[in-house]
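Step one of this worksheet: look at the structure below.
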Amino acid sequence: MSVLPTIGLEVHVQLATETKLFCGCPTTFAAPPNTAVCPVCAGFPGVLPVLNRRAVELAIRTALGLGCEILPRTKFDRKNYFYPDLPKDYQISQYDLPFSRNGRLEVDIPHGPGGGTKVVRITRAHVEEDAGKSLHDRRPAETCVDLNRCGVPLMEIVSEPDLESPDEAHAYLAELKRLLLALGVSDCTMEEGSLRCDANVSVRPAGTTALGTKVEVKNLNTFKGVKRALEHEIARQSAALARGERIAQETRLWDEGRGVTAPMRSKEEAHDYRYFPEPDLPALEVPRAWVEEARRALPESPRARRGRFVSAHGLPASDAAVLTEEPAVADFFEALAREIGEAKAAANWVMGEMLARAKDAPGGFRALRVTPAAVGDLHRRVRGGAISANQAKEVLAEMAATGRAAAEVIAARGLAQVSDEATLAGAVASVLAENPGSVADYRAGKGAKAIGFLMGRIMKATGGRANPNRAREILEAELRGRAGA
């Protein structure tokens, strides 16, 4: 049976605040269990929440970046349910008056029949507090509870069911992450829980318009996991329909190891949570001037920046995509391009050696101890023949790790290229004398093979420091002279 999938995503983003949403506890990741907790976030009787202003500022910035309408008046609600890691037995969230609604995100779909640009509608983006965490691996046959995450500020971004394939869902998440990083509202580190995703998916027979029964899939910890889970769930539902079975509306968990989803619970409706207004927090009036000030401060979107890198810098679209994955990478590229006046060369430095070094650095690209001016200086030394391109890779690795200047590293390692005519001519003469067979090969018409071998011997003889271009010129001139003789 041919089926059409329909997918909507709910993304939870941890806002980059130093303290929690309603108290002064720190949001530091990986603190010892139950050390970042106070009576407010632990739900003690009689305590009162106080809204974090910085979280509101970041929420405004997020909503504007998504093109959402920001409601002039919003309120918080209690979402009631029982979990061992939810000490209040309710979560402070938003229900009928969310912070923002009716947004959109333009997504480039790189492949498939729907390739091109797709506009994914954003239903709402609201603020809520996180719950704690149940730990199932600390003690045998026991579950432990860590309340450190209770009260951590989240922005929940809910899309309309506009996605039609796992590939589109993956592209949407990637573009959303790029936007959130550019806005500076979150570090979006999935491994630390800063970006989490739940997927709603249904299938319907091709040729029909009524949507199928929606199934929610949780425990999606990577973009690749989202894609795999959706592929599995679409196949599972399709097979069930083909057998004439009814799809149950439920919540299922993705098992990454087994590559399958498994039932968790029947799907709740809004009334099951018994939402009601949070009595301890007044409604929030969002001043229009505050919103407009935030709008004026919005950065260029990653999608717009990609387009500009292609149109203004003449880069291939593939290069522009790599360079705009992170704001720090894009900023470094633009500064380096200004420094050396060559956009493609700057892109090659950043996408090659810089990103290779960042992959192994604990703090990523931002942790590299090198500036655009320092890389520009290294680039000019390569162009001027002071060192070879291969040596420059070695130099840059040390520069990025230590912060030392190119000249200092080159001097300390004795890497300065030999360009002196007499020295190079002597090395060429010595190598030719030691390898008469290669000279004979050259005379016999095997020039490329002979020159390649002899250049390798010259570089070895000079400790890799010979200027390869000048050494090759001297070598070829000497070989032509001997061949003529």
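The values are calculated or read from the model by the stated rules, or taken from the named source; none is laboratory data. This one's a predicted model, so the numbers in the text were calculated from it and none came from an experiment. With ideal geometry, Cβ positions are generated from the backbone for all residues, glycine too; neighbour counts draw on all protein chains shown.
Determine whether region 214-228 contains at least one residue that is part of a strand (DSSP E or B) and within 16 Å of Y172 (Cβ to Cβ). The answer is yes; a qualifying residue exists.
The condition of being buried (at least 20 other Cβ atoms within 10 Å of the Cβ), under 29 Å from V107 (Cα atoms) and within 28 Å of the chain's Cα centre (by Cα) holds for only one of A335, A317, A330, that being A330. Does R138 satisfy the condition of being assigned to a strand (DSSP E or B) and buried (at least 16 other Cβ atoms within 10 Å of the Cβ)? No, not satisfied.
Being over 30 Å from F22 (Cα atoms) and of a type in the set (G, A, S) is the filter; apply it to region 141-169 and report the residue that is surrounded by the fewest Cβ atoms within 10 Å (Cβ to Cβ). If we take residues in region 141-169 being over 30 Å from F22 (Cα atoms) and of a type in the set (G, A, S), then A141 is surrounded by the fewest Cβ atoms within 10 Å (Cβ to Cβ). The residues in region 191-217 that are farther than 23 Å from L4 by Cβ and crowded, with 17+ Cβ neighbours inside 10 Å can be counted, and the count is 3.
So which of L298, L284 is within 25 Å of L180 (Cβ to Cβ) and exposed (fewer than 13 other Cβ atoms within 10 Å of the Cβ)? Steps first, please.
Working: L284 fails: exposed (fewer than 13 other Cβ atoms within 10 Å of the Cβ).
It is L298.
Could you tell me whether region 107-124 includes any residue that is at pLDDT 95 or above and over 27 Å from S202 (Cα atoms)? Scanning region 107-124, I find no residue that is at pLDDT 95 or above and over 27 Å from S202 (Cα atoms), so the answer is no. Of the residues in region 34-42, at least one is out of contact with any Cys (no Cβ under 8 Å at 6 or more places or on another chain), on the phi > 0 side of the Ramachandran plot and either basic (K, R) or at pLDDT 95 or above (or both). Just to be sure before I move on: is A422 hydrophobic (A, V, I, L, M, F, W, C) and without any contact (Cβ under 8 Å) to a residue 12 or more places away in the chain in the structure I sent? For A422, the condition - hydrophobic (A, V, I, L, M, F, W, C) and without any contact (Cβ under 8 Å) to a residue 12 or more places away in the chain - is met. Region 278-353 holds helices (runs of 4 or more DSSP H) entirely within its bounds, and those carrying 1 or more residues that are of a type in the set (A, V, I, L, M, F, W, C) and within 30 Å of T74 (Cα to Cα) map to 288-296.
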